1. Which is farthest toward the positive dipole end of the range 66-199 among Leu181, Val127, Leu139, measuring Cα position about the Cα centre, with Cβ charges +1 (Lys, Arg) and -1 (Asp, Glu)?
2. Would you mind calculating the gained length between Gln133 and Ala58 on full extension (0.36 nm times residue separation, minus the Cα-Cα distance), in nm to one decimal?
3. Mind ranking 123-133, 181-191 by how tightly packed they are, going by the mean number of other C-beta atoms within 10 angstrom, highest first?
4. Once you sort the root eigenvalues of the Cα gyration tensor of the chain as a ≥ b ≥ c, which label holds: rounded (a/c under 1.5), prolate (a/b larger than b/c) or oblate (the other case)?
5. Okay, helix-only estimate at 222 nm for the chain: each DSSP H run of n ≥ 4 adds -39500 (n - 2.57), divide by all residues, round to 500 deg cm²/dmol; what do you get?
6. Quickly work out the Ala112-to-Glu165 label distance, labels modelled 7 Å from Cα along the C-beta direction, and quote it in nm with one decimal.
7. Loop-only check: which trypsin sites (Lys or Arg not before Pro) in the range 63-114 are DSSP coil with at most 11 other Cβ within 10 angstrom?
8. What is the percent carbon and sulfur in the accessible area of the chain, measuring with a 1.4 Å probe over the protein chains and ignoring ligands?
Amino acid sequence: GEAEAALPRRGAGPDAGFPPEPVGQVRVRLLTEHTLADLRGPAACEVLTPEEVAAVVAKAGPDPLVSAGADAEEVVVENLRRRRTAVGRLLMDQTVVSGIGNIYRAEMLFRAGLDPHTPGRDLPAEVVRGLWQDWVGLLGEGVRTGVMVTRADLDEEQRELALTEPGLRHAVYGRAGEPCLVCSRPVVLEEMAGRKLYWCSTCQV
Ligand SMILES: [Zn+2]
C-alpha cells in the first residue's frame, strides 16, 4: 500500500491526543497503546486464510524488503520485459514487482525520465535495473524516515524540511497543472490502472 502514518506533527504536545482521527480512506488501522499504522489506498484489501496468504506471496513479484539481491533484480527485469503492457501499469501489478503503489509509481517514472505508456518489452534491461534500484533505495529511505520524499533535486536541508512539509515531497505526484520542476510545463494527470497518474509529457519520453 502507500500508507503514510497519520502521526501527530513534530512538537505536538500531550494535548494532541492519541490515537489521532483517521485521515482519508483508511481501510485498516493497526493500533497499539503507543503507535499506529493506517493503510490507505491499497491495491487490494481482504482478509485471507493462512493458505490464501501463502498463495498470494508465492505469486507476488520481488519485494525489496524481502529480497533485494541480484536475483530479485533479474526477476523484475524478466517480469517487465516479457510484457507489452505499459510500464505505468506493470509497476502497479503486484505479480511483477511488489509494493510500489501510486505515489512511487509516478515519482519513479519521473525520476527515470520514462513515458508511463512505454511497453515493458521496449525497455532496455539496464533501464529496468535502474527502476528496481531506485525502488530499493526509495523504499529503504521511506521505511527509515516514515515519510515518502521522492524529489531528486532537494539538498539536505530541504529534505529535512520535506519530512514535515508534504508540499515539498514530490516532483509530479499531486501536482496536476502545476509547472514541472524541470521544464516548467504543466504536470499532466490521467488515469492508468484505475489510479491517478501524474507525469510530465515533456521530460518523460
Ligand atoms: Zn518536465
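The values are calculated or read from the model by the stated rules, or taken from the named source; none is laboratory data. These numbers were taken from a predicted model, which means no experiment stands behind them. Quick reminder, even Gly has a Cβ in these numbers, built from the backbone with ideal geometry, and neighbours come from all protein chains shown. Ligands, DNA and RNA are excluded from the accessible area calculation, which covers all protein heavy atoms including side chains. Shrake-Rupley method; radii C 1.70, N 1.55, O 1.52, S 1.80 Å.
1. Final value for the positive-end residue is Val127.
2. 24.8 nm
3. Descending packing order for the listed peptides: 123-133, 181-191.
4. oblate
5. Details: 6 runs with 66 residues, N = 205.
My calculation for the chain gives -9500 deg cm²/dmol from helical runs alone.
6. Taking the two extended label points, one gets 3.0 nm.
7. On the way: sites: Arg81, Arg82, Arg83, Arg84, Arg89, Arg105, Arg111; in loops: Arg82, Arg83, Arg84.
Passing sites in the range 63-114 are Arg82, Arg84.
8. Carbon plus sulfur share of accessible area: 53 percent.
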